[in-house]
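First up is the structure itself, then whatever we jot down about it.
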Amino acid sequence: MDEVGATQSSVNDKVLELRAVADELRALDDHRVALGDKLVDLEHWFRRVGCLELSDHALDVFVSRYVGRVFELADGLRE
């Protein structure tokens, strides 16, 4: 195989790799959003039934892990 063919093959391989990574990130993002929704649902449920300590805990987890990570990512994009 000539150098141009090898280069095109390498580019094609990397395009497939890029698509796979992008798909994986999309799936992870969808999962993160679903987890955030679950935390919000739990926080509301605990608050409705009068378990304020557990409601506060769910909110703390949401803010520190979910929202905190979103802010970290946003800060990284600004740099």
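Numbers for the structure displayed
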| quantity | calculated |
| --- | --- |
| The chain: most fluctuating residue of 23, 60, 37 per GNM, C-alpha cutoff 10 Å | 23 |
| For segment 26-79: rounded, prolate or oblate by the Cα gyration tensor [a/c cutoff 1.5] | oblate |
| Separation of the residue 30 and residue 14 label points, Cα + 7 Å toward Cβ, nm | 2.8 nm |
| Accessible surface, segment 3-79, averaged per residue in Å² (probe 1.4 Å) | 84 Å² |
| In Å², nearest 10: area of residue 63 left accessible to a 1.4 Å probe | 80 Å² |
| Farthest toward positive dipole pole in the chain [+1 Lys/Arg, -1 Asp/Glu at C-beta], among 31, 46, 21 | 46 |
| Solvent-accessible surface (1.4 angstrom probe) belonging to residue 32, in square angstrom, nearest 10 | 90 Å² |
| Total charge dipole magnitude, the chain, about the Cα centre, Cβ charges on Lys, Arg, Asp, Glu only, Debye to nearest 20 | 360 debye |
| Surface share of carbon and sulfur [accessible, 1.4 angstrom probe, percent] for the chain | 60 percent |
| In Hz, Karplus ³J(HN,Hα) per residue of segment 7-18 (6.51, -1.76, 1.60; θ = phi - 60°; x = Gly, Pro) | 5, 5, 4, 4, 4, 4, 4, 5, 4, 4, 5, 4 |
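The values are calculated or read from the model by the stated rules, or taken from the named source; none is laboratory data. As the structure is a prediction and not an experimental result, all values here were calculated from the model. A quick note on method: Cβ atoms are made from the backbone with ideal geometry, for glycine too, and the neighbour counts reach across all protein chains shown. These area figures cover heavy atoms from the full protein model, side chains too; ligands, DNA and RNA do not enter into them. Shrake-Rupley method; radii C 1.70, N 1.55, O 1.52, S 1.80 Å.
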